[in-house]
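Some notes on the structure that comes next.
The values are calculated or read from the model by the stated rules, or taken from the named source; none is laboratory data. Since the structure is predicted, the reported quantities are computational estimates derived from the model, not experimental observations. Neighbour counts are summed over all protein chains in view; Cβ atoms, including those assigned to glycine, are modelled from backbone coordinates with ideal geometry.
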Amino acid sequence: MYSLRVEGSFSSAHNLRGYKGKCEDLHGHNWRVKICVKSKELDNIGMLLDFKYLKKRLNAVLERMDHKYLNKLSFFKKVNPTSENIAKYIYDALKSRTPLLSSVTVWENNASSATYEE
């Protein structure tokens, strides 16, 4: 099995609805995001996918979230903007254009991350 990973980042604010503690208040993060694609096969030149293609797809999704208040984005009006749900949001946004997508990991700081994979 072959796998590729690319990373990107964005900055945004959010608050967690229904949470008792500091995170119920408006606060921000400099998020780091890693996507992973996997396949047993390589293309005719020996590549799984072009890194450039993956970075372009990831950055297009992250641009929608950069310097935004996540709670105001339509998806997060109904779904709490937790790290777990942010990872799923990014996964869902990428899946149709990145069929080999395996997982999305989102870090809200250097020590805490959430991963979504099907």
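Summary of computed values
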quantity: Subset of segment 75-92 that is without any contact (Cβ under 8 Å) to a residue 12 or more places away in the chain, farther than 19 Å from residue 109 by Cα and not hydrophobic (A, V, I, L, M, F, W, C) - its residue that is surrounded by the most Cβ atoms within 10 Å (Cβ to Cβ); calculated: 92
quantity: Among the candidates 54, 49, residue that is assigned to a helix (DSSP H, G or I) and touching a residue at least 40 places away in the same chain (Cβ under 8 Å); calculated: 54
quantity: Close pairs (6 angstrom Cβ cut-off, 6 or more residues apart or separate chains): without any contact (Cβ under 8 Å) to a residue 60 or more places away in the chain in segment 1-21, in a strand (DSSP E or B) and of a type in the set (Lys, Arg) anywhere; calculated: 1/38; 5/34; 7/34; 9/32; 12/68
quantity: Every residue from segment 83-103 that is more than 16 Å from residue 63 (Cα to Cα), modelled with pLDDT of 95 or more and in contact with a helix residue (DSSP H, G or I) (Cβ under 6 Å, 6 or more places away or on another chain); calculated: 101
quantity: Search result, residues across segment 1-21 that are of a type in the set (A, V, I, L, M, F, W, C) and either over 17 Å from the mean Cα position of the chain (by Cα) or under 30 Å from residue 39 (Cβ atoms) (or both); calculated: 1, 4, 6, 10, 16
quantity: Filtered residue count, segment 66-104, keeping only those that are closer than 24 Å to residue 25 by Cα and either in contact with a Leu (Cβ under 9 Å, 6 or more places away or on another chain) or assigned to a strand (DSSP E or B) (or both); calculated: 10
quantity: Output for segment 1-23, where each listed residue is surrounded by 11 or more Cβ atoms within 10 Å (Cβ to Cβ) and not in a strand (DSSP E or B); calculated: 15, 16, 17, 19, 23
quantity: Segment 24-74 - residue that is surrounded by fewer than 16 Cβ atoms within 10 Å (Cβ to Cβ) and within 19 Å of residue 117 (Cβ to Cβ) and, of those, farthest from the chain's Cα centre (by Cα); calculated: 40
quantity: In segment 30-57, the residues that are under 11 Å from residue 3 (Cα atoms) and either aliphatic (A, V, I, L, M) or in contact with a Pro (Cβ under 9 Å, 6 or more places away or on another chain) (or both); calculated: 35, 37, 42, 47, 48, 49
